[in-house]
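Below: the structure, in structure tokens.
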Amino acid sequence: YCAIWLLKPLRDSTFFRLLAKVVANESRNLLGVTSVFGIVLFGAALAGYIIERDVQPDRFGSIPQAMWWAVVTLSTTGYGDEIPQSLAGRVLAGLVMMSGIGIFALWAGILATGFYEEVRRQDFVRNWQLVAAVPLFQKLGSAALIEIVRALRPRIVPAGAVICRKGDVGDQMFFIVEGRVTVATPDHPVELGAGNFFGEMALISGDPRSATVSAATEVSLLSLYAVDFQILSSSSPEIAETIRKTALERRGGPPKE
């Protein structure tokens, strides 16, 4: 019962679902490396048996006996209970240990790459959904949206922190992923939530920001810097044109910085 109680908090953990997905996606590569591990393991046990059976018949007298030495050597654990005595045996042990390092490095590399790709894919989908829901980009094509999503940079702002101040240089615009921000407009404060965006007017016009924006709660933001905006403008002119039109339209109304 104690073990079940300890494992209960892990039931809702997203890590194990992510791990299962990574293992499923990389199953062919992992199986291939596992096959190599098995081949090297059996080959090391066979070679150890042939080389050391006359020197240490009690430890290497059969292939199953030599298999234990092969396992601990290939895994680089090296308990020391079975050590080759001959020169050829020690050369073999060194080669097996180096092979083990390489095999475990392959396993780790495959899993690390799988985790990176899966997390990156999830972030891309989440960012895509956010950007696609912004009215500013709803008329853009898929290719333009992909360019925007790739240029966005994540940022976490704690509650109460100032994101941008009135009079600052507008070098970036922001998309709200989670949380809420407060815009100190001249008339009265305006609160923006997930899916909203701000900062595009100063980014386009180059004028100082017209309002101070602070985090009402902890906020997860995606920022688009002016440099990235210029790159996007050269590769996808429709993006720059859409943002410029929106900035000009908003000039006639209350600032939304």
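For the reader, a short list of remarks on this structure follows.
- Evaluating S234 against the criteria (1) in contact with a Ser or Thr (Cβ under 9 Å, 6 or more places away or on another chain); (2) more than 24 Å from V119 (Cβ to Cβ) leaves one unmet condition, (1).
- The numbered conditions (1) surrounded by fewer than 15 Cβ atoms within 10 Å (Cβ to Cβ); (2) within 30 Å of R28 (Cβ to Cβ) are all true for V55 except (2).
- Subset of region 132-154 (residues that are open to solvent by 80 Å² or more (accessible area, probe 1.4 Å) and either at pLDDT 80 or above or not in a loop (DSSP other than H, G, I, E, B) (or both)): P135, R150, R153, P154
- Residue list for region 85-117, restricted to those being among the polar types (S, T, N, Q) and assigned to a helix (DSSP H, G or I): S99, T113
- Within region 13-57, the set of residues being of a type in the set (K, R) and assigned to a helix (DSSP H, G or I) comprises R17, K21, R28.
- Exclusive hit being more than 21 Å from D171 (Cα to Cα) and among the aromatic types (F, W, Y), set F137, F104: F104
- Subset of region 67-102 (residues that are over 14 Å from F37 (Cα atoms), open to solvent by less than 50 Å² (accessible area, probe 1.4 Å) and either among the hydrophobic types (A, V, I, L, M, F, W, C) or in contact (Cβ under 8 Å) with a residue 12 or more places away in the chain (or both)): W69, E82, P84, S86, G89, L92, A93
- Search result, residues across region 103-120 that are loosely packed, with under 15 Cβ neighbours inside 10 Å and over 12 Å from V149 (Cβ atoms): A105, A108, G109, A112, T113, Y116, E117, V119
- Among residues of region 164-176, those that are outside any loop (DSSP other than H, G, I, E, B) and surrounded by 20 or more Cβ atoms within 10 Å (Cβ to Cβ), counted: 6
The values are calculated or read from the model by the stated rules, or taken from the named source; none is laboratory data. The structure displayed is predicted, hence computed values, not measured ones. A quick note on method: Cβ atoms are made from the backbone with ideal geometry, for glycine too, and the neighbour counts reach across all protein chains shown. For accessibility, only protein heavy atoms count, side chains too; no ligands or nucleic acids. Shrake-Rupley method; radii C 1.70, N 1.55, O 1.52, S 1.80 Å.
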